[in-house]
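This report concerns only the one structure given below.
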Amino acid sequence: MGGVGIANRSKRFINIVNPASLTARDSLSFMADFGLSESNTVYRQNVGGSRLTSGNNTFNIHDFVISFPIYKSSAFMVGITPFSDIGYEFSSIVTDQDIIGNTGNIAFNNYGEGSIYQLFAGGAVTFWRRLSLGAEFIYYFGSLDKVYNMAFEDDSYRSVNNGYNLLLRGYTGKFGLQYEQPLGNSISLTVGATYRLKTNVKGRLTDYSYANTSEITDTLRNDVAVLKAGDGIKFGDEFGVGVSLKGGDKWSAEINYLMSDWRNSGMENREGFSASGSSVFTSSVSHSVRAGFEIVPNRNDIRYYLRRCAYRAGAYYDTSYYLFDGNVVNSFGITLGVTLPVFRWYNGITVGVDLGQRGSLRNGMVRERYVSFSVGFNIHDLWFQKPRYN
């Protein structure tokens with residue numbers, strides 16, 4: 001549904017976008033979600049009148065979260081999901097180089113990988129049957145790698161491996177609210193809001209370089225810089241609002257707006273993670289607009305299985321949290337998905353696809369076109385039931 005969720009209240013799945021949504025559930029229900037995602041990206045750039053093209057595939061966990069009720073109108077959840085990740089690779093071969101003698105062909109290979117994950121635990125409670133308030137504790141951890149390799153075809157020359165490893169950890173909090181107003185004829189209106197606090201993160205930045213042959217590896221550089229909280233990198237805060245309209249258990253529509261302030265993040269001062277050459281990286285304020293729609297033809301149809309499935313579609317438009325040489329990096333895309341009910345209750349398998357583009361070919365930037373696939377398993381059961389037999 002385009003990544004919406006701020007104003008979504010559903011008892012059929014766990015909504016990790018807004019912690020206040022946890023109370024939209026059956027009173028005895030236990031729920032768990034587990035998902036995987038795979039992304040395929042094609043990179044393109046115009047350089048010196050020629051067009052460079054490369055591609056890369058990444059695979060990662062989408063989320064793993066469990067949720068259960070605590071007492072009456074309150075509930076709890078705990079889980080893990082990626083916060084940010086890197087996944088790219090560029091390769092080129094320069095032929096017949098005459099630098100210090102005839103070195104022959106030189107292969108250049110640049111790639112990035114790694115993820116920053118967020119481990120979270122949150123709870124929510126409902127007041128007066130309509131107003132729900134939620135809070136969440138988030139712990140960030142993970143590492144990012146950027147590697148630059150140069151390999152000579154002639155084995156008598158030593159190849160060079162350069163790279164940067166950024167290890168980060170930190171914690172923050174997130175708050176959410178939702179208010180649901182019935183409008184009659186099984187239609188209800190929900191408004192929601194979330195706010196995630198900005199946070200100082202700490203960690204370690206390693207700058208390394210190795211020269212090697214098939215037999216020997218020499219360390220040219222291995223510098224380690226300790227990043228202290230308040231003296232290193234800052235994750236921006238995030239504010240979001242959303243409105244949804246729901247028609248009973250048959251359809252729902254939602255639109256969200258989010259703003260995140262990454263100015264003074266400190267990333268532009270992190271060697272290897274800001275920009276390369278004469279380019280300038282500047283952290284900025286990101287904006288995002290997301291919209292989505294869901295429809296279920298007939299959840300109780302006993303004849304046609306496909307009528308019980310939940311069909312979803314969405315779209316989004318984002319401006320990134322950074323400027324590259326003063327240029328805004330935009331992304332936009334559409335999403336499609338379906339939940340296939342399994343067995344009984346609210347168990348199901350959800351599959352989805354995200355088709356989008358980030359960046360453009362103007363001003364020497366790289367354009368990314370991607371297709372991402374995801375699959376999720378929704379598990380539902382009822383706890384503390386006491387069977388009775390006559």
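The values are calculated or read from the model by the stated rules, or taken from the named source; none is laboratory data. Not measured: the values here are computed from a predicted model. Cβ sites come from the backbone with ideal geometry, for glycine too, and all protein chains shown count toward neighbours. We work out accessible area using only protein heavy atoms, side chains counted, and drop any ligands, DNA or RNA first. Shrake-Rupley method; radii C 1.70, N 1.55, O 1.52, S 1.80 Å.
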> What is the magnitude of the charge dipole of segment 15-111 about its Cα centre, with +1 placed on the Cβ of each Lys and Arg, -1 on the Cβ of each Asp and Glu, and no other charges, expressed in debye to the nearest 20?
Replying inline: 360 debye
> What's the tally of Lys pairs in the chain whose alpha-carbon atoms lie under 26 angstrom apart, where the two lysines are 8 or more places apart or on different chains?
Replying inline: 21
> Averaged per residue, what accessible area in Å² does the chain show with a 1.4 Å probe, protein chains only?
Replying inline: 54 Å²
> Around W262, which amide H atoms from residues at least 5 apart in sequence, or from another chain, sit under 5 Å from its own amide H, with H modelled in the peptide plane?
Replying inline: S284, V285, S286
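When a/c is below 1.5 the answer is rounded, else prolate if a/b is larger than b/c, else oblate, so apply that to segment 7-165 with a ≥ b ≥ c taken from the square roots of the Cα gyration tensor eigenvalues. Working shown, then result.
On the way: a/c = 4.57, a/b = 3.42, b/c = 1.33.
The shape class here is prolate.
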> What are the extents of the Cα atoms of segment 132-197 along their three principal axes, listed from largest to smallest and rounded to whole Å?
Replying inline: 80, 28, 12
> Mind checking the dipole of the chain: about its Cα centre, +1 per Lys or Arg Cβ, -1 per Asp or Glu Cβ, Debye to the nearest 20?
Replying inline: 2380 debye
> With the contact rule set at Cα under 8 Å and sequence spacing of 6 or more, what percent relative contact order holds for segment 128-197?
Replying inline: 35 percent
> Which loop-located trypsin sites (Lys or Arg not before Pro) does segment 40-83 contain, where loop means any DSSP state but H, G, I, E or B and the Cβ has at most 10 other Cβ atoms within 10 Å?
Replying inline: K72
> For segment 34-96, what's the relative contact order in percent, using C-alpha pairs closer than 8 Å and at least 6 residues apart?
Replying inline: 30 percent
> How high is the relative contact order of the chain, in percent, counting Cα pairs under 8 Å that sit 6 or more residues apart?
Replying inline: 16 percent
>> Here are a few candidate values for P(r) over Cα pairs in 20 Å bins from 0, in percent: [x] 27, 60, 14, 0; [y] 23, 51, 21, 4, 0; [z] 25, 57, 17, 1. Which one was actually calculated from the structure I just gave you?
In response: [y]
>> Test of understanding: extend the Cα→C-beta vector of Y257 to 7 Å, then name every residue of segment 303-333 with backbone N under 15 Å from that spot.
In response: 317-319
> Taking square-rooted eigenvalues a ≥ b ≥ c of the alpha carbon gyration tensor, is segment 1-49 rounded, prolate or oblate, where a/c under 1.5 means rounded and, failing that, a/b exceeding b/c means prolate?
Replying inline: prolate
> Ignoring ligands, DNA and RNA, what percent of the 1.4 Å accessible area of the chain is carbon and sulfur?
Replying inline: 57 percent
